[in-house]
Amino acid sequence: MTRLKNNLVGLLATLLLTLIAAGCGGERETETEEVFEQRRSPIVISTVSHQDTYVKVVYGQPYKRGREIFGELEPFGEVWRTGANEATEITTTRDILLNGERVEAGTYALYTIPDPEEWTIILNTNLGQWGAFNYDPQYDYLRFTRPVQQTDEVVEALTITFDQVEGDETVLSISWDTTRVEIPVEFL
């Protein structure tokens, strides 16, 4: 009788643990589905290497989808996450010059303030931000402006790329719709 009782208790314990685990699994699926619902734009990584330096930009890639982008979807004069989802991040394994300004090795949030003639480029040390909703200028590491270039060709998906390295230099380009902004990068 004691053996039957022990087996029954063990069976009930196993059943209870199975039900708890199944419940937790369901919650995880729901949380995962919520995250995917929030991330309607794919995550893209652009990289460049030169000698012993590696630079990487990670961003959410929104699409134009017939919308007016700059001045409408992304208002002029307002801080933008430079993509979709989380704020775009740039990582460099060694110090570089960005627009002639020294940037120490590390990871930074890359924000921009679009305007019709020029953009303000911002590197910010407050990482892990969703969008620019909690952007705080007190964490700005570097700010500078770059001129806007209008293109004849429409770029459907926001695209951040590096040009081919020439000597110790490359260009980080941000293109979307008919707008392109180029940022000179120099390897030290």
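Of the residues making up the stretch 67-76, just one is part of a strand (DSSP E or B) and touching a residue at least 60 places away in the same chain (Cβ under 8 Å), namely 70. Would the stretch 162-173 turn up any residue that is surrounded by 15 or more Cβ atoms within 10 Å (Cβ to Cβ), out of contact with any Asp or Glu (no Cβ under 8 Å at 6 or more places or on another chain) and modelled with pLDDT of 95 or more? The answer is yes, given that some residue of the stretch 162-173 is surrounded by 15 or more Cβ atoms within 10 Å (Cβ to Cβ), out of contact with any Asp or Glu (no Cβ under 8 Å at 6 or more places or on another chain) and modelled with pLDDT of 95 or more. Checking each residue in the stretch 90-104 for being under 18 Å from residue 184 (Cβ atoms) and either over 16 Å from the mean Cα position of the chain (by Cα) or small (Gly, Ala, Ser) (or both) picks out 94, 95, 96, 97, 98, 99, 100, 101, 102, 103, 104. Residues of the stretch 118-129 include at least one that is of a type in the set (S, T, N, Q), part of a strand (DSSP E or B), touching an Asp or Glu at 6+ places or on another chain (Cβ under 6 Å) and at pLDDT 95 or above. For the stretch 77-112, filtering for residues that are surrounded by fewer than 20 Cβ atoms within 10 Å (Cβ to Cβ), in a strand (DSSP E or B) and β-branched (Val, Ile, Thr) leaves 2.
The values are calculated or read from the model by the stated rules, or taken from the named source; none is laboratory data. None of the values given here were measured: they were computed from a predicted structure. Positions of Cβ are backbone-derived with ideal geometry, glycine not excepted, and every protein chain shown enters the neighbour counts.
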